[in-house]
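Asks: Take this structure, written in structure tokens, and hold onto it; I'll ask about it next.
Derivation of every value follows stated rules applied to the coordinates shown; laboratory data play no part. The structure displayed is predicted, hence computed values, not measured ones. So basically every Cβ, Gly included, is an ideal-geometry build from the backbone, and we count neighbours across all protein chains shown.
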Amino acid sequence: MKSWKLRRKVTGSGAGSADILSAMSEAHYAPKNRQVQDLDLNKTADAWAPLSGTLFVPHTEGEYRQLVELLDSLIDQVGEDESHPFASFMEVVDILIEKYEDEHVPELAVE
């Protein structure tokens with residue numbers, strides 16, 4: 001089972017805005033049976049070129065914020081519709097954000 005962690009930007013005081021996680025919903029995924037297809041690298045490169053400026057591994061705070069904004073837009077469009085064409089895309093963006101947060105964002109202490 002996989003649970004979505006949906007992010008929303010919240011304006012904080014002083015330093016500006018802070019990103020927080022909120023558990024807004026859970027979506028359960030059944031294992032997907034995907035067949036491995038021959039990968040045509042030329043077609044893949046052609047398809048990747050327009051996406052490469054949108055989907056990337058974030059290395060800076062600015063790139064991280066770009067992905068958070070993209071995820072917010074995807075959440076607004078996809079919602080909880082697991083069959084939406086962008087559902088998998090949203091999951092990939094979420095994973096990239098989570099990886100950046102694990103490496104660069106300190107845990108919030110709850111009192």
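Asks: Return LEU74, LEU55 ranked ascending by Cβ neighbour count within 10 Å, so the fewest neighbours appear first.
Replies: LEU55, LEU74
Asks: Turning to a different aspect of this structure: Pulled fully out, how much extra length does the chain show between GLU103 and HIS59, if you take 0.36 nm times their separation in residues and subtract their Cα-Cα distance?
Replies: Length gained, GLU103 through HIS59: 14.8 nm.
Asks: If you don't mind, another one. Whole-Hz ³J(HN,Hα) for each residue in the stretch 39-48, computed from phi via Karplus 6.51 cos²θ - 1.76 cosθ + 1.60 with θ = phi - 60°, x for glycine and proline: what do you get?
Replies: Calculated HN-Hα couplings, in order: 9, 8, 4, 5, 5, 5, 4, 5, 6, 6 Hz.
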